[in-house]
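Novice: Below is the structure I would like to discuss, written out as structure tokens.
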Amino acid sequence: MAVVVSSNGNGPAFEAKMTIYVFVCVMIAAVGGLIFGYDIGISGGVTAMDDFLKKFFPAVWERKQHAHENNYCKYDNQNLQLFTSSLYLAALVGSFLASAVCSKLGRKPTMQFASVFFLIGVGLAAGAVNIVMLIIGRILLGFGVGFGNQAVPLFLSEIAPAQLRGGLNIVFQLMVTIGILIANLVNYFTATVHPNGWRMALGGAGIPAVILLFGSLIICETPTSLIERNKNEEGKETLRKIRGVEDINEEYESIVHACEIASQVKDPYRKLLKPASRPPLIIGMLLQLFQQFSGINAIMFYAPVLFQTVGFGSNAALLSAVITGSINVLSTFVGIYLVDRTGRRFLLLQSSVHMLICQLIIGIILAKDLETTGTLGKAQAIVVVVFVCLYVMGFAWSWGPLGWLIPSETFPLETRSAGFAVAVSCNMFFTFVIAQAFLSMLCGMRSGIFFFFSAWIIVMGLFAMFFIPETKGVAIDDVPERVWKPHWFWKRYMLAEDDHQDVEKRT
Ligand code: BGC
């Protein structure tokens, strides 16, 4: 199979075929996204399993036994939240280390490191005999996530023929959602296996980790990374192999050129502090804050817990999580289809209104009908699940994939890897905050938590309206000229930079 990729009229079109080799490389690398998604989805189910709670969190288990004593607070336990959140804190640190490894050694070894971290982490977590082992396992998994999430999107962008980059980037998010769904299914089935179902659930991540480890032996290094590290001949050969055409000179020259410019920037992090880096940096960081404070992970991590809170039994709650997981996967395809047609802004704005309505309805039903004790009636509980599904749908075609896509396409090459690392670590930080705080917030604010998320959705919708420009169809290296310089707000930083350069030239 070799599909010739044609230009979409933006930027230089280099001749390329979508080769089987590129396809295989993309699939193997995207397994990194699958493991990330699996880790996101698995903790909620495991923390709802009695065998697991009895062993590691007996106090929470005790509280749960006095069923319906306090719906909103029965899972509130800092250590239980630490089980979920420790992974993201480790991933935050991991992504900075990974950014250095990515530049010094390449994308491929970074992915290999990720898989080794995953394997050891899975072994410790699934085999845990005490809470320390469990948390250390989660921390190693977190390092895996940090390394994987830094290397995989960069790898995908660099290996993809230019004209397929947007769609291939969202393959990462698609794999994340598939990972969450698989985790929900695994939770559903292992919940009935006593007493070691939770070990099977946590151990499941070992399968994709092995695929990533062995798979990453057969994938290539990206031409950009090879050339960046002065392995020009090898880079040229690899480019020829992945593009499937003889004449790759033009693309090769353009990579060499980009690497030359990038090599003049000795310290990309310093460069990130310059005014001209501010637009993509601020947007890249805020996108992560908004993505997480929209409340998505309150649902992804704690869906089974949340559904139990509104009155489903354990199994029905897990089943509902499987339903939200499927909707998450399917709706991501809508994002893949629309992102280059309607553009990024349309998706962000449409979904903000859409998600706001859903959160408000869920909040109102819970505020009206869910007492501290007792459960919702069947009908209301079903309405809650329906609105949770609609909410997930809106997120899946907008803030989910765009939180990764926009930071990967708005930095110039010289700050792309460093800027992306900052975005990844912000994502991990805010994910950590939500994972650590959600159950306590649910306990303290009760149904008010949904109004809290609603308020954030209003803020992010307004931010998108005024500050996030359209990048649809703009060649990645034209972004400063075509996007930032004409923008009503961001142009001030770009002009400041031009003035600054003028002054430097004159002196
Ligand atoms: C977010 C995750 C979230 C997932 C849901 C991703 O884009 O970064 O935090 O759990 O989407 O599908």
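The values are calculated or read from the model by the stated rules, or taken from the named source; none is laboratory data. Because the structure is a prediction, the values reported are computed rather than measured. No Cβ is skipped: glycine too gets one built from the backbone with ideal geometry, and neighbour counts run over all protein chains shown. Remember, those area values only see protein heavy atoms, side chains included, never the ligands or the DNA or RNA. Shrake-Rupley method; radii C 1.70, N 1.55, O 1.52, S 1.80 Å.
Novice: Relative to the compact-globule scaling 2.2 N^0.38 Å, provide the ratio for the alpha-carbon radius of gyration of segment 158-290.
Specialist: Taking N as the residue count of segment 158-290, the ratio is 1.48.
Novice: Here's another thing I want to ask about it. Check cross-link reach from K485 to the aspartates and glutamates: straight Cα distance under 19 Å, and skip same-chain residues fewer than eight apart.
Specialist: By straight Cα distance, K485 reaches E409, E414, E470, D477, E497, D498, D499, D502.
Novice: GluC sites (Glu not before Pro), restricted to segment 172-264: which are DSSP loop and have at most 12 other Cβ atoms within 10 Å?
Specialist: Taking segment 172-264 and a limit of 12 other Cβ atoms within 10 Å, the loop GluC sites (Glu not before Pro) found are E246.
Novice: Provide the FRET efficiency to the nearest 0.05 for the A100-L360 pair, computing r from the beta carbons and using R0 = 41 Å.
Specialist: Step by step, r from the Cβ atoms, then E = 0.40.
Novice: Another question, then. At 1.4 Å probe size, with the rest of the protein present, what percent of the exposed accessible area of the chain is carbon and sulfur atoms?
Specialist: Here it works out to 66 percent.
Novice: Shifting gears a bit: Grab the eigenvalues of the alpha-carbon gyration tensor for segment 326-383, scale each by 5, take roots, and send me the semi-axes largest first in whole angstrom.
Specialist: So the three semi-axes of segment 326-383 are 33, 14, 6 Å.
Novice: Per residue, how much accessible area does the chain have with a 1.4 Å probe, in Å²?
Specialist: Result: 38 Å² per residue.
Novice: What dipole magnitude, in Debye to the nearest 20, does the chain give about its Cα centre under +1 on Lys/Arg Cβ and -1 on Asp/Glu Cβ?
Specialist: That gives a dipole near 780 debye.
Novice: Would you mind pulling out the separation of the Cα centroids of segment 303-370 and segment 423-465, in Å?
Specialist: Using only Cα atoms, the two centres lie 15 Å from each other.
Novice: Please say if segment 231-317 is rounded, prolate or oblate, where rounded means a/c under 1.5 for a ≥ b ≥ c the square roots of the C-alpha gyration tensor eigenvalues, and otherwise the choice is prolate for a/b larger than b/c and oblate otherwise?
Specialist: oblate
Novice: Which of rounded, prolate or oblate describes segment 250-396 when judged by the alpha-carbon gyration tensor and an a/c cut-off of 1.5?
Specialist: In terms of gyration-tensor shape, prolate.
Novice: Under the Karplus relation 6.51 cos²θ - 1.76 cosθ + 1.60, θ = phi - 60°, what is the ordered set of whole-Hz ³J(HN,Hα) values for segment 460-470, x standing for Gly and Pro?
Specialist: 5, x, 5, 4, 4, 4, 9, 10, 9, x, 7
Novice: Give me the Debye-computed log₁₀ of I(q)/I(0) at q = 0.10, 0.13 Å⁻¹ for the chain, equal point scatterers on Cα only, no solvent, two decimals.
Specialist: Taken in order of the listed q values, log10 I(q)/I(0) reads -0.76, -1.22.
Novice: Something else about it: Among Q173, V152, W490, whose Cα lies farthest out toward the positive end of the dipole of the chain, if unit charges sit on the beta carbon of Lys, Arg (+1) and Asp, Glu (-1)?
Specialist: Q173
Novice: For the pairs K104/K472; K108/K274; K104/K266; K236/K274; K231/K274, flag any whose C-alpha to C-alpha distance is greater than 22 Å.
Specialist: K104/K472; K108/K274; K236/K274; K231/K274
Novice: Let me understand segment 148-193 better: what is its radius of gyration from the alpha carbons, and its Dmax, in angstrom?
Specialist: Cα radius of gyration and Dmax of segment 148-193 are 14.7, 47 Å respectively.
Novice: Let me know the charge dipole size of segment 183-255 about its Cα centre in debye, to the nearest 20, where only the beta-carbon of Lys, Arg (+1) and Asp, Glu (-1) is charged.
Specialist: 620 debye
Novice: Classify segment 82-187 from the C-alpha gyration tensor, please: rounded if a/c falls under 1.5, else prolate or oblate depending on whether a/b exceeds b/c.
Specialist: Cα axes put segment 82-187 in the oblate bin.
Novice: Same structure again: Identify the trypsin sites (Lys or Arg not before Pro) of segment 304-353 meeting these criteria: DSSP loop state and at most 15 other C-beta atoms within 10 Å of the C-beta.
Specialist: R341
Novice: Given DSSP loops and a limit of at most 16 other Cβ atoms within 10 Å, what is the longest stretch of the chain that contains no such chymotrypsin sites (Phe, Trp or Tyr not before Pro)?
Specialist: 1-487
Novice: For the chain, can you list the cysteines whose C-beta has no other cysteine C-beta under 4.7 Å from it?
Specialist: Flagged as lacking a Cys partner: C25, C102, C220, C259, C358, C389, C426.
Novice: Related question: Check the straight Cα-Cα distances from K74 and name the lysines below 25 Å, setting aside those fewer than 8 residues away within the same chain.
Specialist: K54, K55, K64, K368, K378
Novice: Take the alpha-carbon positions of segment 17-82, form their convex hull, and give its projected area averaged over all directions (one quarter of the hull surface) in nm².
Specialist: 6.4 nm²
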